[in-house]
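A short write-up of the structure that comes next.
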Amino acid sequence: MIDEDSDAAATLRRCRDFEVTHVDEGWAAVEAVEEDAFDAVLCALRVGSMSGVSHHRLLVKTRPELGARMAFLASARAVAEAPPSSALGRVVARPVTVEAVRQLLAG
């Protein structure tokens with residue numbers, strides 16, 4: 001999970017269904033992805049010095065299988081207002097729920 005807010009990561013850790021790696025800066029996330037294996041990535045639209053979209057572009061080039069399993073974190077209002085064919089692809093509404101992450105991993 002790439003997000004400056006650690007609440008969502010804490011929620012997922014309490015569930016114990018997921019092993020969660022939380023970083024709060026975009027370039028730290030790039031390093032983490034290079035060093036470890038991940039099933040999916042949840043990323044805020046802006047994290048420190050790197051946008052979530054930039055992170056996604058980099059993942060698509062370097063780890064295409066993981067780029068396909070990336071979702072952006074956004075407010076529930078932003079998700080509700082997004083067009084069905086959003087250029088962002090998968091978007092998970094805040095607050096993040098265990099069920100939303102399960103759906104991401106299943107898809």
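Only the coordinates and a few stated rules stand behind these numbers; no lab work does. Only a predicted model underlies this, so the values are computations on that prediction, with no experimental measurement involved. Note that we place each Cβ from the backbone using ideal geometry, even for glycine, and neighbour counts take in every protein chain shown.
Details
- Whole-number D in µm² s⁻¹ for the range 7-106, Kirkwood Cα-pair radius fed into Stokes-Einstein, 4 °C, 1.567 mPa s: 94 µm²/s
- Put a plus charge on the Cβ of each Lys and Arg, a minus charge on the Cβ of each Asp and Glu, and nothing anywhere else: the dipole of the range 7-106 about its Cα centre is then about 380 debye.
- Longest DSSP-loop-exposure-free segment, GluC sites (Glu not before Pro), the chain, at most 15 other Cβ within 10 Å: 26-107
- By other beta-carbon atoms within 10 Å, ranking L42, L105 with the fewest at the front produces L105, L42.
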